[in-house]
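**Student:** Questions regarding the structure given below will be posed in turn.
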Amino acid sequence: MIRYHLGCGIVLIRGLIGADEIETYDISLIEQNITPQGFTKKDGKLYTAGGYEYNEEIDSKTYPVRYAENIDSLEFTKIISEKIYQSVVDYCKVFPAVVECITEHKQLHYIKYAQNTGMGPHSDCSASYKNNSVELISSSAIDNTLSTSIVLNSDFTGGKFRFTVIDEELDLRAGDALIYPSNFVGSHEVKQITSGTRWAFLSFFSHARSHFDGQDDLDKKNLWLKKFRSDIGVEDTKVANNFQKKVEVGEL
């Protein structure tokens, strides 16, 4: 495993998951066990929120498909999640100023890019608004601080990952990972898949919202945060920025 700082807090990790290990993950279990985000399953068929049957052969050629429901049912989800957690702990030791901006790990999901799909330039903490309005359509990403991504396979072509601010285009293979700011600094795109299917695991380290689903939810998040800061070794976030030093571009 080798870590590179590409600039602007964008870190590439080559071989976060080793080739031998990642070959043991049965990626086909994702589609077999998880209903895609935004869909319901009935009689073995998928339907959109509007009630229309989803035709994968046609509809999957434009946008990637996300899988988040009950992902902990897959054993390798826990392994991947732990590797990402530890990588972010290490990241925060290099960039301690980010510690006070993280209170939870959320929105863990798999994402599938079929042939001809891609995603244009975007940031991972933007809010969606109605046209010519300040009325929110979605604010689910607005609290994101750090984005993480691990590519899970190599049997595809295309799909390069490009960071627009630093004009860096990356050819990622199975086991490679990225950690980067979710805001405009980490603006990025995934180029069109020209053959095969690209699978990745995404998650976000974020500010917690002021609303919690009861005391149990609050206690759970507090326990996670206490462990997270303890693992990093920065208990007092008020002085975290004082520990920040210049991080040169290159291998960490």
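**Student:** Which residue is nearest to K78 (Cα to Cα), if the candidates are limited to region 1-26 and must be hydrophobic (A, V, I, L, M, F, W, C) and surrounded by fewer than 19 Cβ atoms within 10 Å (Cβ to Cβ)?
**Tutor:** Narrowing region 1-26 to residues hydrophobic (A, V, I, L, M, F, W, C): 1-2, 6, 8, 10-13, 16-17, 19, 22.
Those left that are additionally surrounded by fewer than 19 Cβ atoms within 10 Å (Cβ to Cβ): 1-2, 6, 8, 19.
Details: M1: 20, I2: 22, L6: 28, C8: 29, A19: 18 Å.
Ranking the candidates gives A19 first.
**Student:** Okay, next question. Tell me yes or no: at least one residue of region 27-43 is modelled with pLDDT of 90 or more and in contact with a Phe, Trp or Tyr (Cβ under 7 Å, 6 or more places away or on another chain).
**Tutor:** Looking for residues that are modelled with pLDDT of 90 or more and in contact with a Phe, Trp or Tyr (Cβ under 7 Å, 6 or more places away or on another chain), one finds at least one in region 27-43, hence yes.
**Student:** With (1) charged (D, E, K, R); (2) out of contact with any strand residue (DSSP E or B) (no Cβ under 9 Å at 6 or more places or on another chain); (3) modelled with pLDDT of 95 or more as the list, and E100 as the residue in question, which single condition is left unmet?
**Tutor:** It fails just one condition, (3).
**Student:** I've got another one for you. Cβ contacts < 7 Å: first residue at pLDDT 90 or above, restricted to region 126-152; second residue among the β-branched types (V, I, T) and assigned to a strand (DSSP E or B), any location; separation 6+ or different chain. Result?
**Tutor:** L146/I179; T148/I179
**Student:** So for region 159-170 (the condition being among the basic types (K, R), in a loop (DSSP other than H, G, I, E, B) and within 26 Å of F76 (Cα to Cα)), does at least one residue qualify?
**Tutor:** Checking region 159-170: at least one residue is among the basic types (K, R), in a loop (DSSP other than H, G, I, E, B) and within 26 Å of F76 (Cα to Cα).
**Student:** Looking at region 158-196, which of its residues are over 20 Å from C8 (Cα atoms) and touching a Lys or Arg at 6+ places or on another chain (Cβ under 6 Å)?
**Tutor:** If the condition is that a residue be over 20 Å from C8 (Cα atoms) and touching a Lys or Arg at 6+ places or on another chain (Cβ under 6 Å), then G158, G159, K191 are the ones that fit.
**Student:** Could you please give the count of residues in region 90-106 that are assigned to a loop (DSSP other than H, G, I, E, B) and either among the basic types (K, R) or closer than 14 Å to N222 by Cα (or both)?
**Tutor:** Matching residues across region 90-106 total 2.
**Student:** Follow-up. Check L225, L202 and return the single one that is in a helix (DSSP H, G or I), in contact with a strand residue (DSSP E or B) (Cβ under 8 Å, 6 or more places away or on another chain) and within 30 Å of D72 (Cα to Cα).
**Tutor:** The unique qualifying residue is L225.
The values are calculated or read from the model by the stated rules, or taken from the named source; none is laboratory data. Source: prediction; values computed, not measured. Note: ideal-geometry Cβ built from the backbone for every residue, glycine included; neighbour counts use all protein chains shown.
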